[in-house]
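Below is one structure, written out as structure tokens; the observations come after it.
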Amino acid sequence: MPCQIILQNKIERLYEQGERIIQNGGHHSFFYKNFSPMKLKMKTKNLNIPAKNILLGLLVIIMIFSFQSCSTKVAFQNSSVVPGADGFVKVKKDNNSNYAIRIELSNLADPNRLEPTKKAYVVWMETSSEATKNIGRINSSTGLLSKRMKANFETVSSIKPTKIFITAEDDAAIQYPGNQVILSTNSF
């Protein structure tokens, strides 16, 4: 036991002072000759810059796909009824296996400015298993600092939508869509 304490104290002093101590003879000389602190340097290998950039790029791509795989974002097609209107639909599956549907629109004219005039914009959802369903009314309004008409709409569905479209209607509670389709997505 005392030999270990003496050896430990010598090793600590060796590290503190940074000098080489070589004992003549004895079983400790091999240790000091071959494993002195000056020889115990860790060899590291640096990756070259192109390899680092490739690894970083792959990591970024994986992160982007993992975040985007959770939701689907689909743009509306150009409208012949309201040519300036544009926007997108974002569908995201939540933890309860429901689908959160979010719509953002801009430049959507007031429905009473259409020809023929209407009273409301109604959002419709098509699914693979059910008929077309009225999922709500969307209202357009101007922003506080902008005259541009904007509209937002959010709802939740237990069925995955395959297509979303918006019609102009006289009654927002209508059960079947009319003929005046304002905006529509492709199937997704």
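All of the numbers you see were taken from the coordinates with simple rules; none came from a lab. Everything numeric here is computed off the predicted structure, so don't read it as measured data. Note: ideal-geometry Cβ built from the backbone for every residue, glycine included; neighbour counts use all protein chains shown.
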Report summary line: Computed Rg/Rh for the range 74-188 (Cα atoms; Rh = Kirkwood radius) stands at 0.96
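List, in the order given, every pair from K90/K133; K73/K163; K118/K150; K118/K163; K90/K163; K133/K160 whose Cα-Cα distance in the structure shown is over 21 Å. The partial results should precede the final answer.
On the way: K90/K133 18 Å; K73/K163 12 Å; K118/K150 18 Å; K118/K163 23 Å; K90/K163 11 Å; K133/K160 12 Å.
Too far apart for the 21 Å limit: K118/K163.
Would you tally the net charge around K118, using a Cβ to Cβ cut-off of less than 11 Å, leaving K118 out, and scoring K and R as +1, D and E as -1?
On the way: positive: R113, K119; negative: D110, E115, E169, D170, D171.
Cβ neighbours under 11 Å give a net charge of -3.
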Report summary line: Amide H contacts under 5 Å for I135, restricted to residues at least 5 apart in sequence or on another chain and with H modeled in the peptide plane, are V123, W124, M125
Report summary line: For 51-63, 167-179, ranked highest to lowest by mean beta-carbon neighbours within 10 Å, the order is 167-179, 51-63
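Suppose R0 equals 25 Å. What FRET efficiency, 1/(1 + (r/R0)^6) with r the Cβ-Cβ distance, do V60 and E104 give to the nearest 0.05? Don't skip to the end; give the middle numbers.
Details: r = 26 Å, r/R0 = 1.05.
Once the sixth-power term is evaluated, E becomes 0.45.
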